[in-house]
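**Q** What follows is a structure written as structure tokens; I'll ask about it next.
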């Protein structure tokens, strides 16, 4: 036991002595390198590799589209570095606009090269610049001979407006105004009708029909003086106008001015109608203007010898003038004509009896 304890004691002493003999080793510090450049470099390298991969696709996609319009292109590309600056290149492409077959089947014309510009899809992506093809040959296309220019039909101007000034005569202007007046009357626009008829009368003052229409409109409106003035001016311009005189006389008769109406009809134009002469005869007979009445009825029996009325009037005027023989003849003519009533016929018989009595009296004396 004592020996074992002694051995353990010696072992403990040796362990403590060995522990005290341990010294610190001097190790030189390791020199650290910068991490940031490696990170930036790795990122730039990955970005360049990605850009290079995309740049390989963009030119080919655009060239594939251009190849659809080209018959022969053999491009050769030199792959640039991923850090190559982005550029825009132009390369001529032979664009076939139209393929036409010549009559003889021989090509005779070559199309002109068309400039094609290839641009990168994104400004930040590098693009490899393709080399221009040196061995590409122009493509010959056939073309049919066109018709000479001088043989083509001349173009027709469509929609060309030609303004031509046309001068209308006073008669045409008057007719235009009359048409507007008639339309105004159809629309019951009396004021506009009067305006248009006045305009028409200014263009053709001698148009008696326009003057009579205008006078009738004023008379219907109640402006009798205005209507009479229009007719009087017309008669002053044309004294022998029978239609104006007749219209004026009828207006005066409506206003119970028979004597004035007879004054208007006292003039007997050559163009006087049966109506004109008959009204003149009736007014003259009523107003005891025997000379005018006798003249008028004589004219009527000449123009219409088959009318009993005219013969009756002529006989009365002859009797007033103490032309009994002439009156008896005219009464007998009236009985043999048409147009008389039974009362008028009885009046004629009575006058014939009286004339016969008057003729017998001198013979008895």
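**Q** Residue check, residue 357 against (1) under 30 Å from residue 265 (Cα atoms); (2) surrounded by fewer than 17 Cβ atoms within 10 Å (Cβ to Cβ), all met but one. Which one?
**A** (1)
**Q** Which condition number in (1) part of a helix (DSSP H, G or I); (2) out of contact with any helix residue (DSSP H, G or I) (no Cβ under 6 Å at 6 or more places or on another chain); (3) closer than 19 Å to residue 328 by Cβ is the one that residue 305 fails?
**A** (1)
**Q** Separate question: Among what's in segment 330-346 and is touching a residue at least 12 places away in the same chain (Cβ under 8 Å) and in a helix (DSSP H, G or I), pick the residue that is nearest to residue 295 (Cα to Cα).
**A** That would be 330.
**Q** Looking at residue 276 and the list (1) out of contact with any helix residue (DSSP H, G or I) (no Cβ under 7 Å at 6 or more places or on another chain); (2) within 25 Å of residue 333 (Cβ to Cβ), which single condition is not satisfied?
**A** Unmet condition: (1).
This table checks each residue for (1) within 23 Å of residue 216 (Cβ to Cβ); (2) modelled with pLDDT under 95; (3) exposed (fewer than 10 other Cβ atoms within 10 Å of the Cβ); (4) touching a strand residue (DSSP E or B) at 6+ places or on another chain (Cβ under 8 Å).
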{"site": "146", "(1), (2), (3), (4)": "no, yes, yes, no"}
{"site": "149", "(1), (2), (3), (4)": "no, yes, yes, no"}
{"site": "152", "(1), (2), (3), (4)": "no, yes, yes, no"}
{"site": "157", "(1), (2), (3), (4)": "no, yes, yes, no"}
{"site": "161", "(1), (2), (3), (4)": "no, yes, yes, no"}
{"site": "168", "(1), (2), (3), (4)": "no, yes, no, no"}
{"site": "179", "(1), (2), (3), (4)": "yes, no, no, no"}
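The values are calculated or read from the model by the stated rules, or taken from the named source; none is laboratory data. Just so it is clear, the structure is predicted and the values come from calculations on it, not from any experiment. Using ideal geometry, Cβ is built from the backbone for each residue, glycine included, and neighbour counts are taken over all protein chains shown.
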